[in-house]
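A quick write-up on the structure given underneath.
The values are calculated or read from the model by the stated rules, or taken from the named source; none is laboratory data. The structure presented is a predicted model; accordingly, all values stated were derived computationally and were not measured. Cβ atoms come from the backbone with ideal geometry, glycine included; neighbour counts cover every protein chain shown.
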Amino acid sequence: MNKQLKVLFIMLGVYALCAFWTYAFFTDQLAVASAPMPDMGVSKAVLGLANAGIVLVVYGLLGMIGYQFARKLDLPAIFSEDGNWRRWFYIPLVLGLACGVFVIIVDVLFAPINGFGRLVHPGYPVSILASISAGIGEEIAFRGFVFGLWGLLLNWLFKRFNGRTLALWISNVIAALAFAGAHLGTMLVLTGASSVAELSPALIIEIFLLNGIIGLVAGERYMKDGLVAAAGVHFWTDVVFHVIWGLV
């Protein structure tokens, strides 16, 4: 097994462990920032194991497909192998911290006009587990899979025009928009709205602005340094916003 896949499987293992820990020990805190957990008629340990299994199967499949997409696009895939590990650690750290501060400022500005108020945070320590889970899982899904799929399609379409760079950046925008749109489901649950049309336009703009920017920054790192770097941007953004700001 090559180093790229080893790192991918380590990431999946960490994600699965976080899923188990969250559902086995902290289900009561999940209702703070998501839908209350219904009674499944099983113990919390079984619920945790089930979610860990789902993570390994679903995100493992998405991760492997995304890995193949990245290889066909001649992207770093999981991490850049040029030996300069600082590029996929320190740069994502700085960008993530900056994005986290940006999210805080925008959320404070939108809170009086979005019809919802400030965005909610999972309780501590679930906020840390959620930051790790989102950083790994959502990047596998949106940067690895969605970005990769559109990258292949658009690269094929623009091939005769030598438009690889354009294809990748359009794919980055599409993946960022999909990433932002996926967060609207949580807002429907939290607001009690039955459709997106019932949400405040200001709230929709805020969700797309915040998550769209994070997605674009993570996508740029993904193109240059791989999935680990993209997950780093996402993780540190969530640490600043959901963990630190959530505690404050």
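Tabulated data
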| item | result |
| --- | --- |
| Identity of the residue in region 69-90, touching a residue at least 60 places away in the same chain (Cβ under 8 Å) and surrounded by fewer than 17 Cβ atoms within 10 Å (Cβ to Cβ), that ends up farthest from T237 (Cα to Cα) | K72 |
| Complete set of residues in region 148-186 that are under 30 Å from R118 (Cβ atoms) and touching a helix residue (DSSP H, G or I) at 6+ places or on another chain (Cβ under 6 Å) | N172, I174, A175, A176, A178, F179, A180, H183, L184 |
| Some residue of region 151-160 being surrounded by fewer than 21 Cβ atoms within 10 Å (Cβ to Cβ), without any contact (Cβ under 8 Å) to a residue 24 or more places away in the chain and within 30 Å of A24 (Cβ to Cβ) | no |
| Test result for D107, without any contact (Cβ under 8 Å) to a residue 60 or more places away in the chain, acidic (D, E) and more than 24 Å from W150 (Cα to Cα) | no |
| Selected residue (criterion: modelled with the lowest pLDDT) from residues of region 50-90 that are hydroxyl-bearing (S, T, Y) and in a helix (DSSP H, G or I) | Y90 |
| Among residues of region 187-223, those that are in contact with a helix residue (DSSP H, G or I) (Cβ under 9 Å, 6 or more places away or on another chain), in a helix (DSSP H, G or I) and either β-branched (V, I, T) or free of Cβ contacts under 8 Å to residues at least 24 places away in the same chain (or both), counted | 10 |
| Residue in region 110-126 that is farther than 30 Å from F25 by Cβ, modelled with pLDDT of 95 or more and part of a helix (DSSP H, G or I) present | yes |
| Answer residue from region 231-248, given it is modelled with pLDDT under 95 and in a helix (DSSP H, G or I) and is surrounded by the fewest Cβ atoms within 10 Å (Cβ to Cβ) among those | L247 |
